[in-house]
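The values are calculated or read from the model by the stated rules, or taken from the named source; none is laboratory data. On a predicted model such as this, the values are computed, not experimentally measured, just so you know. All Cβ positions, glycine included, derive from the backbone under ideal geometry; neighbour counts span all protein chains shown.
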Amino acid sequence: MKKETLIAGFGTLALLTNILLPGLAFGQAQTATTDIVCDTTDPAFALMPSTTITMSSNGAGGTVYAQLAAQNVFSHSAAALTATTAGGEDFVSVVDVRDPSNVTCGNNGLTLTLEVTGDATVDGGDGDNCYFEDAVVVSGDDDLDGICDAGEDNYIPLDQFYYVTNSDTCPTGETENVAGTICFDNSALCGQGVDTPPSGQTCGSVATGNTYSNGTAFTTLTTFTTGAGAATGTLGSADNTAAVRTILSFADGSELYGTAGLGLAYAATLQANQASGTYTGALIFTVTAS
């Protein structure tokens, strides 16, 4: 009798287990799903480390003296624009998070442009429409007629205000592409293939005439492209006519997916007998999605 009672007890226990945990008994499976949404946020850009550039005789803060002869001033002293130097840093990056492998994301091209503007806060309120001028205090020979005139206003000609791009030294965590003109974040991708790193191909482009690679210094005017034409590195087509310059672009089919950027340096020629004063201009970057 004792044996029969024990056997019946074990049988009841097994039956209860089947009722409470049917999944274990019959091997049913689970399914996990997640939705990854295409980010349609427009591309953005960032300046490193500051929005202020100081130009000087040696690119490192040296004093600029008024003099009878023409002279040049520079924004940087070293070729490595991302290095911390007395001349500072100036590196601009664009960030695009739109997935180029997803056709529902729309087109994925982008363009970054640069121009000088006669911003009211820079103009100083004198209303003479000069772009790069001594206007913090209205000087004695300024004519407040709304016309920028070389005979009456103190300004630096925009067709002798130069810029140049460089990717010779990329920030930590970024690598030059094969063309040696753009720095890409090491996690960035390029083109419609989502697994294609830009470091191995010519992804994106820099406008012709604006790139200076492997330089040793930015304190000589020969470093900059100073010739005539739209492909030059000047920020004006005439002495007081601003020009929009394309700095960086990614076309459809070679889209950026991530972060890319490059360094910029600036130079300007001061005319003979340039009047003393603090000359200021506003540099405007614009990123446009396509």
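In region 70-120, how many are modelled with pLDDT of 85 or more and over 22 Å from the mean Cα position of the chain (by Cα)?
Qualifying residue count, region 70-120: 4.
Could you go through region 235-253 and let me know if any residue there is modelled with pLDDT of 85 or more, out of contact with any Gly (no Cβ under 8 Å at 6 or more places or on another chain), hydroxyl-bearing (S, T, Y) and surrounded by 21 or more Cβ atoms within 10 Å (Cβ to Cβ).
No: region 235-253 contains no residue that is modelled with pLDDT of 85 or more, out of contact with any Gly (no Cβ under 8 Å at 6 or more places or on another chain), hydroxyl-bearing (S, T, Y) and surrounded by 21 or more Cβ atoms within 10 Å (Cβ to Cβ).
Name the residues in region 29-53 that are in contact (Cβ under 8 Å) with a residue 12 or more places away in the chain and more than 19 Å from the chain's Cα centre (by Cα), would you?
Here is the first cut: in region 29-53, the residues in contact (Cβ under 8 Å) with a residue 12 or more places away in the chain are 38-50, 53.
C38, D39, T40 - these are the residues of region 29-53 that are in contact (Cβ under 8 Å) with a residue 12 or more places away in the chain and more than 19 Å from the chain's Cα centre (by Cα).
So, N154, is that one modelled with pLDDT of 75 or more and either at negative phi or out of contact with any Ser or Thr (no Cβ under 9 Å at 6 or more places or on another chain) (or both) or not? Write out each step before concluding.
Details: modelled with pLDDT of 75 or more: yes; either at negative phi or out of contact with any Ser or Thr (no Cβ under 9 Å at 6 or more places or on another chain) (or both): yes.
Here the answer is yes, as N154 does meet what is asked.
Report, by residue number, each residue of region 50-66 that is modelled with pLDDT of 90 or more and loosely packed, with under 12 Cβ neighbours inside 10 Å.
T63, Y65, A66
Can you pull out the residues in region 145-179 that are of a type in the set (S, T, N, Q), surrounded by fewer than 19 Cβ atoms within 10 Å (Cβ to Cβ) and either touching an Asp or Glu at 6+ places or on another chain (Cβ under 7 Å) or without any contact (Cβ under 8 Å) to a residue 40 or more places away in the chain (or both)?
Going residue by residue through region 145-179, those that are of a type in the set (S, T, N, Q) are 154, 160, 165-167, 169, 172, 175, 177.
Still in the list and also surrounded by fewer than 19 Cβ atoms within 10 Å (Cβ to Cβ): 169, 172, 175.
Scanning region 145-179 gives T172, T175.
Somewhere in region 266-278, is a residue at pLDDT 85 or above, on the phi < 0 side of the Ramachandran plot, surrounded by fewer than 21 Cβ atoms within 10 Å (Cβ to Cβ) and not in a loop (DSSP other than H, G, I, E, B)?
Checking region 266-278: at least one residue is at pLDDT 85 or above, on the phi < 0 side of the Ramachandran plot, surrounded by fewer than 21 Cβ atoms within 10 Å (Cβ to Cβ) and not in a loop (DSSP other than H, G, I, E, B).
Going through S254, S237, S276, S290 one at a time, which residue ends up being small (G, A, S) and closer than 20 Å to V73 by Cβ? Reasoning before the result, please.
Working: S254 fails: closer than 20 Å to V73 by Cβ; S237 fails: closer than 20 Å to V73 by Cβ; S290 fails: closer than 20 Å to V73 by Cβ.
Among S254, S237, S276, S290, only S276 is small (G, A, S) and closer than 20 Å to V73 by Cβ.
Among the numbered conditions (1) at pLDDT 85 or above; (2) outside any loop (DSSP other than H, G, I, E, B), tell me where S199 comes up short.
If we test S199 against (1) at pLDDT 85 or above; (2) outside any loop (DSSP other than H, G, I, E, B), just (1) comes out false.
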